[in-house]
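Heads up: the structure comes next, in C-alpha cells.
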Amino acid sequence: MTKIVNHWIGGRTAEGASGTFGPVTDPATGAVTTKVAFASADEVDAAVAAAKEAFLTWGQSSLAQRTSILFKFRALLDAHRDEIAELITAEHGKVHSDALGEVARGLEIVDLACGINVQLKGELSTQVAHRVDVAAIRQPLGVVAGITPFNFPAMVPMWMFPLAIATGNTFVLKPSEKDPSASIRIAELLAEAGLPDGVFNVVHGDKVAVDRLLEHPDVKAVSFVGSTPIARYIHTTASAHGKRVQALGGAKNHMLVLPDADLDAAADAAVSAAYGSAGERCMAISAVVAVGAIGDVLVDKIRERAEKIKIGPGNDPTSEMGPLITKVHRDKVASYVEGAAAEGCEVVLDGTGYTVDGFEDGHWIGISLLDKVPTSAKAYQDEIFGPVLCVLRAETYEEGIALINASPFGNGTAIFTRDGGAARRFQLEVEAGMVGVNVPIPVPVGYHSFGGWKDSLFGDHHIYGNDGTHFYTRGKVVTTRWPDPADAPAGVDLGFPRNH
C-alpha cells in the first residue's frame, strides 16, 4: 500500500481534503513510494488560523518555557537522527552519511535557539534626561512561514523554525513536495517535546499553497530557500502584501585556485564540493577558476579523483554519491553536458550515460567534468544543481576575480592559495556573501548568518545567526519618566525611610 503524507495542523495530523496528491519517488528505483496531500487555500487558512490562535499564548510565554521545550526537542532530534536521515535518503536519494550531516547542521541552529535568551537581551540607557530612561526591546511578529527546498528537507526548515518559535512566533512550514516525510517527523518530535498545539504547523502542496501563504494577511513574515527565479517571485509577491521577506536564491559558486596553491588539496576540495550530495546544494562549487599554468595539472588531479567516486543507492554504505531527486531533473542536468562541446567546452568526463546494475530505473547520472569552459556556455551561466563541474582558465588573479564578480550570483566563493596577502585581498574584493580561504564550502556555523549577495539573496536579512533573530522580531523603544517618591504630596507615605 502506498504511504500517504498528510498535513500537520494544530498539533495533530490533518488528512488532506483537497483531493489532490503529488507523487514521491524513491530516486534510486524510480518507483512511486508515497503520495503527499496538496493543500487547498482553505487548508492553508486552517493552518494559519491554528498558528494565530496559538500565538495569543505562545507570544506571551516566558523564555524559560520556550527554551525548556527546545532543549527537550534537541534531545529527541539527536536520539532520532538516524531515523530522520533514513527518511531523507528514501525520498531525496542522498547517501546516509550525507543525510546525517544535514541533521547535524540543523541541530546547530536548535542549539542557538536553546540559548536565545542571550540574543534577546535588550538595552537600557538610564538618566538620558532628568529622571528619564530609554529601553530597547525586541518582540515577536506573530505568524511566520517557511517555504523550503527539496535538497535539505530537514536542515533548511531548521534554519528557520527554531529561531522563529524561540523568539515567540508561531510557524507554518511549506516543505518541498518531493521529500515531505522528514518535516512531519520533526513536527511529531516537537509535539513530543511539549510544544503547544498550533505553534508549529506543516502544509504540503504546490503553488496554490505557496501563493496563499504569500498573500494571507495574518502571515507577517516569509522565509524561503530555493532557485533565483522563485526567490525573486517570493520576495516581490510577499513584499507587495506587506510582509517581511528573506528569500535565498540560487548560486554559481566559484573556487579561485592560484598558482601557489597545494594542488592536491585544491583537487580534493573541488571534488568534494562539486560532487557531494550529487551537486544538489546551493553551496556546491560548480566553477573552478584556474590561474596561470596550473590548469592542466589541476584538471588531471580532479579527473583522477572524480573517476573513483562510488555511485549507488543512498542506503548502500559503500555509496559515496546517490541519484538525483527526479527523472526530470536528471534529464535537465544531462542536457548541459550533452550540449557542452558545441558551446566550446572540452568534455573531460561525461556522466550522462551512467546507470547502476539492478537499479536501472533510478535517476542516475555520473560525474561530469568540463574544461576550458567559456563564460558564454549555458553550463557556466546557469545553476545546474547536479554533479557537473566547470573549469575556467584565467591568466592572472585580476582576470580571475573579474570573472567571478561578473557573475550575477554571489552566494559563496573560495580561494586556494598559500599567500596570505592574496587571500586577504580576495576576501575584501570578491562580491559574494560567504567566502572560504582554503575552505571550499564556507557555510557559517549557526551563530553566524548564512546568505549571499546579488541574485542569490532577495531581502535585507541573511538566515539564522543574529540576522535570524532580528528577522523574526521587531524592535521597540520605551522612554520612561517616573516621579521620585521624595516628591510625593504631603500626607502620602510611600514607605521610603526618612533617614535617607
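The values are calculated or read from the model by the stated rules, or taken from the named source; none is laboratory data. Keep in mind the model is a prediction, meaning the values are calculated, not measured. FYI the Cβ positions are ideal-geometry reconstructions off the backbone, even for glycines, and counts take in every protein chain you see. To get the accessible areas, we keep the full protein, side chains included, count just its heavy atoms, and leave off ligands, DNA and RNA. Shrake-Rupley method; radii C 1.70, N 1.55, O 1.52, S 1.80 Å.
Things worth noting here:
- Spacing of the two label points (7 Å from each Cα toward its C-beta) at residue 399 and residue 61, in nm: 5.9 nm
- Put a plus charge on the Cβ of each Lys and Arg, a minus charge on the Cβ of each Asp and Glu, and nothing anywhere else: the dipole of the stretch 249-329 about its Cα centre is then about 380 debye.
- Under 5 Å between amide hydrogens, built in the peptide plane, is the criterion, and for residue 225 it picks out 147, 248 among residues at least 5 positions away or on other chains.
- For residue 132, nonlocal amide neighbours, meaning residues 5 or more places apart or on other chains whose placed amide H falls under 5 Å from its own, are 127.
- Net charge dipole size for the stretch 338-387 [Lys, Arg +1 and Asp, Glu -1 on Cβ; Debye, nearest 20]: 200 debye
- Helix 96-114 axis, angle to the chain major axis (alpha carbon atoms, nearest 10°): 20 degrees
- Derived scalar couplings ³J(HN,Hα) [the stretch 260-265; Karplus, 6.51 cos²θ - 1.76 cosθ + 1.60; whole Hz; x for Gly, Pro]: 8, 5, 6, 5, 5, 5
- Calculated translational diffusion coefficient of the stretch 244-290 (20 °C, 1.002 mPa s; Stokes-Einstein with Kirkwood radius over alpha-carbon pairs) equals 182 µm²/s.
- In order along the stretch 31-41, the Karplus-derived 3J(HN,Hα) couplings, from 6.51 cos²θ - 1.76 cosθ + 1.60 at θ = phi - 60°, round to 7, 6, 10, 8, 10, 10, 5, 9, 6, 7, 4 Hz, and Gly and Pro are given as x.
- Pairs of C-alpha atoms in the stretch 157-301 farther apart than 19 Å represent 63 percent of all such pairs.
- Taking the protein heavy atoms of the chain in the context of the full set of protein chains, the accessible area attributed to carbon and sulfur is 53 percent at 1.4 Å.
- Taking a quarter of the surface of the Cα convex hull of the stretch 222-334 gives a mean projected area of 9.6 nm².
- In order along the stretch 122-133, phi translates into HN-Hα couplings of x, 10, 9, 10, 9, 6, 5, 9, 4, 6, 10, 10 Hz, rounded to whole numbers, per the Karplus curve 6.51 cos²θ - 1.76 cosθ + 1.60 with θ = phi - 60° and x for Gly and Pro.
- Equivalent ellipsoid dimensions for the chain as semi-axes, Å, which come from the Cα gyration tensor, largest first: 45, 30, 19
- For the chain, DSSP calls about 40 percent of its internal beta bridges antiparallel.
- Using only side-chain charges placed at the Cβ, +1 for Lys and Arg and -1 for Asp and Glu, the dipole size of the chain relative to its Cα centre rounds to 1500 debye.
- Extension gain for the segment residue 360 to residue 123, taken as residue separation times 0.36 nm less the Cα-Cα distance, is 79.2 nm to one decimal.
- Cα→Cβ-extended label distance, 7 Å offset, between residue 487 and residue 268, nm: 7.1 nm
- Computing FRET efficiency as 1/(1 + (r/R0)^6) for residue 137 and residue 425, where r is the C-beta to C-beta distance and R0 is 45 Å, gives about 0.60.
- For the stretch 268-286, there are no residues whose amide N sits under 13 Å from a probe point set 7 Å from the Cα of residue 239 along the beta carbon direction.
- Normalised by the number of residues in the stretch 1-125, the average gap of Cα pairs under 8 Å and 6 or more apart makes the relative contact order 21 percent.
- A Förster radius of 35 Å, combined with the Cβ-Cβ distance separating residue 260 from residue 382, puts the computed FRET efficiency at roughly 0.65.
- Distance between the C-alpha centres of the stretch 5-69 and the stretch 282-302: 43 Å, rounded to the whole angstrom.
- Only protein heavy atoms count here; under a 1.4 Å probe, residue 35 has an accessible surface of about 80 Å².
- Per-selection Kirkwood Rh - the stretch 348-437 (Cα, Å, 1 d.p.): 15.3 Å
- The modelled label-to-label distance between residue 41 and residue 130, using points 7 Å beyond Cα along the C-beta direction, is 6.0 nm.
- Checking every one of the GluC sites (Glu not before Pro) in the stretch 341-428 against DSSP loop status and a limit of 13 other Cβ atoms within 10 Å picks out 360, 395.
- Each of 269, 255, 224 was placed along the dipole of the stretch 223-272 (beta-carbon charges, centred on the mean Cα), and the one lying farthest toward the positive end is 224.
- Taking 0.36 nm per residue of separation and subtracting the current Cα-Cα distance, fully stretching the chain between residue 208 and residue 438 would add 78.5 nm.
- A cut-off under 12 angstrom between Cβ atoms defines the neighbours of residue 347, and their net charge, with Lys, Arg +1 and Asp, Glu -1, is -3.
- 24 Å Cα-Cα threshold exceeded, pairs from 310/372; 301/332; 174/243; 220/476; 94/327; 207/332: 310/372; 301/332
- Computed with a 1.4 Å probe over protein heavy atoms only, the accessible surface of the chain comes to 41 Å² per residue.
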